Amino acid sequence: MKTIEPQVTGRKVGAAKRVAAIAEQIAPTSVDPEELLDVAETAQLLRHKEATLATWRCEGRGPEYVKIGRSIFYRRAAISSWLARQIVRPDAA
């Protein structure tokens, strides 16, 4: 039987597993339904179009979201956390 060798991608072995493990540790274990915003509310809050949020979801960008059936919702805390990560602090010149 022939052995299939993994492709060399330049990434360290196990990096994806470590990232997934960290994400699982910080993921919320419960969601308050009162905290959820639908796509239209989130788009208005972020001042972007709903289509932009859809693109971000497909690309794995933007705030994390909750999917219930075909419906997409965003947690207020996830939006706040994502916004905080978007802060750019220019170097003092």
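The values are calculated or read from the model by the stated rules, or taken from the named source; none is laboratory data. Since the structure is predicted, the reported quantities are computational estimates derived from the model, not experimental observations. Please note: Cβ atoms are built from the backbone with ideal geometry, for glycine as well, and neighbour counts cover all protein chains shown.
Remarks
- Selection of first residues in the range 71-91 that are surrounded by 13 or more Cβ atoms within 10 Å (Cβ to Cβ) and of second residues that are assigned to a loop (DSSP other than H, G, I, E, B) and among the aromatic types (Phe, Trp, Tyr), restricted to Cβ pairs under 9 Å at least 6 apart or on distinct chains, gives the following pairs, ordered by first then second residue: 72/65; 73/65; 74/65; 75/65; 78/65.
- Enumeration of residues in the range 40-68 that are in a helix (DSSP H, G or I) and either closer than 16 Å to residue 83 by Cα or at pLDDT below 95 (or both): 41, 42, 43, 44, 45, 46, 52, 53, 56, 57
- When every residue of the range 6-26 is checked against the conditions, at least one turns out to be under 13 Å from the mean Cα position of the chain (by Cα), modelled with pLDDT under 95 and not hydrophobic (A, V, I, L, M, F, W, C).
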